[in-house]
1. Quick check on the range 338-356. Is at least one of its residues within 25 Å of Glu158 (Cβ to Cβ) and either surrounded by fewer than 22 Cβ atoms within 10 Å (Cβ to Cβ) or in contact (Cβ under 8 Å) with a residue 12 or more places away in the chain (or both)?
2. Looking at Asp117, Asp92, Asp105 in this structure, which one is buried (at least 18 other Cβ atoms within 10 Å of the Cβ) and more than 20 Å from the chain's Cα centre (by Cα)?
3. Would you check if Glu300 is surrounded by 14 or more Cβ atoms within 10 Å (Cβ to Cβ), within 22 Å of the chain's Cα centre (by Cα) and either at pLDDT below 95 or acidic (Asp, Glu) (or both)?
4. Sort out for me the strands (runs of 3 or more DSSP E) sitting completely within the range 149-244 that have 2 or more residues that are in contact with a Leu (Cβ under 7 Å, 6 or more places away or on another chain), touching a residue at least 40 places away in the same chain (Cβ under 8 Å) and among the hydrophobic types (A, V, I, L, M, F, W, C).
5. Report, ordered by the first and then the second residue, all pairs with beta carbons closer than 9 Å, sequence separation of six or more or different chains, a first member in the range 248-277 that is part of a helix (DSSP H, G or I), and a second member that is of a type in the set (S, T, N, Q).
6. Do we have any residue at all in the range 242-255 that's out of contact with any Phe, Trp or Tyr (no Cβ under 7 Å at 6 or more places or on another chain), farther than 13 Å from Leu94 by Cα and surrounded by 15 or more Cβ atoms within 10 Å (Cβ to Cβ)?
7. Return the pair list, or none, for Cβ contacts closer than 8 Å from residues in the range 111-128 that are under 16 Å from Ser169 (Cα atoms) to residues that are part of a loop (DSSP other than H, G, I, E, B) and basic (Lys, Arg), at least 6 apart or on different chains.
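The values are calculated or read from the model by the stated rules, or taken from the named source; none is laboratory data. Model, not experiment: these values are computed from the prediction. Quick reminder, even Gly has a Cβ in these numbers, built from the backbone with ideal geometry, and neighbours come from all protein chains shown.
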Amino acid sequence: MPQSNHNFPSQLPKVPESELWKTIRDQYSLTSEYINLESGYYNIIPNPTLERLQVHLHHVNFEGSYYMRNQLEKDRKIMREKLGSVVGCAPDNLIVTRNTTESLDTIISGYPWKAGDEVIYALQDYGAMKLMFEQVAERHGVKVNIVSVPNHPHSDEEIVDLYASKITSKTKMLMVCHMINITGQILPIKKICAMAHQKGVEVLVDGAHCVGHFPFSISDLDCDYYGSSLHKWLAAPLGNGLLYIASEHIPKIWPLYADYEKDRTKIKRLNHLGTHPAYITLGIQDAIDYLNWIGPKRKEERLRSLRRFWMTALKDVPNVVINTPWDPKRACGIGNIGLKNITPHTLAERLYKEHSIFTVAIDYANVKGCRITPNVFTTFEELDHFIAAIKKLAKA
């Protein structure tokens, strides 16, 4: 695999924070047509990572079948090891997938369900996984129990008790978001796992927005399964996700695609991808290098400060509804804001057409507003423009 040769130094320059983030912003190619406050769906790749992706593309194309037959699996092993060090788990419990949906659906569809089994998930969970549970319910006779997570919980115990209230003797699994994608609320996963395990229930965690967003350790969470999308806050190329499975559960999961690996204890048997764009996977290492160059904790604090900035400026404005918790441990970079006088879809449309601000409307699961997801390239001046736009629309 070609060695990394990024266009950034091994350490950040010792300059004032404002200059530092300007340097980082300059490493992105950004449109001048609108302010992008929708980094939650897909994070734009910074130019140093993008340039390395081109190197990988040319290298794989240059070696062709030789690379695919002789080097690909070795490089994928390196990727798992590097990724494991970022998310805090052993590489033998980790596979690289295409996205969170593929990761979690591998578990949901591959679990050895029996008629009468029960599962729990939240109204606020991601639609694709809820659809897979509905399919499992129809196919295997599984009962689905649904909770609704409050936008502003009073305590961790309130959330834990909410999930506990739906557990019965037939409950096999509960799915829970590490960070709810529509509001940015961070849930107390470790406490939920401890409660569920005491009751003999396995926990499937949707961590789509967490890897590269804020530092954490999967092993410390003590969950049974964890899925994430690396094209989001890690800013890896589109087509990269991860799936973690605790060792004791690997043998019982059926793969989406059959693999040549027959040892049921090996997670590789769940990771058959067929012929795929190998250079996409190679881009993971460069995304990790870029994250480490900024510093995971520094990035977390920057994202937190951006969210606090606009939320604080708008919290007392008439007609404004904040759908994201204020408690620092319950949110990071993602926030959600609504207006009492405008529907979410109208708000998103007017922000774009009248103020050149791109967001996404959320109008379901007890959340009415627009998701606001600044990134490391976002400036406070851009957020000032957003704040002014919201204040103006709130009067309409």
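1. So in the range 338-356, the residues within 25 Å of Glu158 (Cβ to Cβ) come out as 338.
From what's left, either surrounded by fewer than 22 Cβ atoms within 10 Å (Cβ to Cβ) or in contact (Cβ under 8 Å) with a residue 12 or more places away in the chain (or both): 338.
Within the range 338-356, one or more residues are within 25 Å of Glu158 (Cβ to Cβ) and either surrounded by fewer than 22 Cβ atoms within 10 Å (Cβ to Cβ) or in contact (Cβ under 8 Å) with a residue 12 or more places away in the chain (or both).
2. On the way: Asp92 fails: buried (at least 18 other Cβ atoms within 10 Å of the Cβ); Asp105 fails: more than 20 Å from the chain's Cα centre (by Cα).
Being buried (at least 18 other Cβ atoms within 10 Å of the Cβ) and more than 20 Å from the chain's Cα centre (by Cα) holds for just one of Asp117, Asp92, Asp105, which is Asp117.
3. Numbers: surrounded by 14 or more Cβ atoms within 10 Å (Cβ to Cβ): yes; within 22 Å of the chain's Cα centre (by Cα): yes; either at pLDDT below 95 or acidic (Asp, Glu) (or both): yes.
For Glu300, the condition - surrounded by 14 or more Cβ atoms within 10 Å (Cβ to Cβ), within 22 Å of the chain's Cα centre (by Cα) and either at pLDDT below 95 or acidic (Asp, Glu) (or both) - is met.
4. Numbers: elements: 171-177, 202-206, 225-229.
By residue number, 171-177.
5. Between residues of the range 248-277 that are part of a helix (DSSP H, G or I) and residues that are of a type in the set (S, T, N, Q), the close pairs are Ile250/Asn93; Ile250/Thr265; Pro251/Thr265; Ile267/Asn93; Ile267/Ser247; Leu270/Thr106.
6. yes
7. If the second residue must be part of a loop (DSSP other than H, G, I, E, B) and basic (Lys, Arg), the pairs left are Gly116/Lys170; Asp117/Lys170; Glu118/Lys170; Ile120/Lys166.
Listed here are the residues, each with its yes/no results for (1) farther than 30 Å from Thr379 by Cβ; (2) modelled with pLDDT of 95 or more; (3) surrounded by 19 or more Cβ atoms within 10 Å (Cβ to Cβ).
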site	(1), (2), (3)
Ser10	no, no, no
Glu17	no, no, no
Glu33	no, yes, no
Ile45	no, yes, yes
Asn61	yes, yes, no
Tyr67	yes, yes, no
Asn70	yes, yes, no
Lys82	yes, yes, no
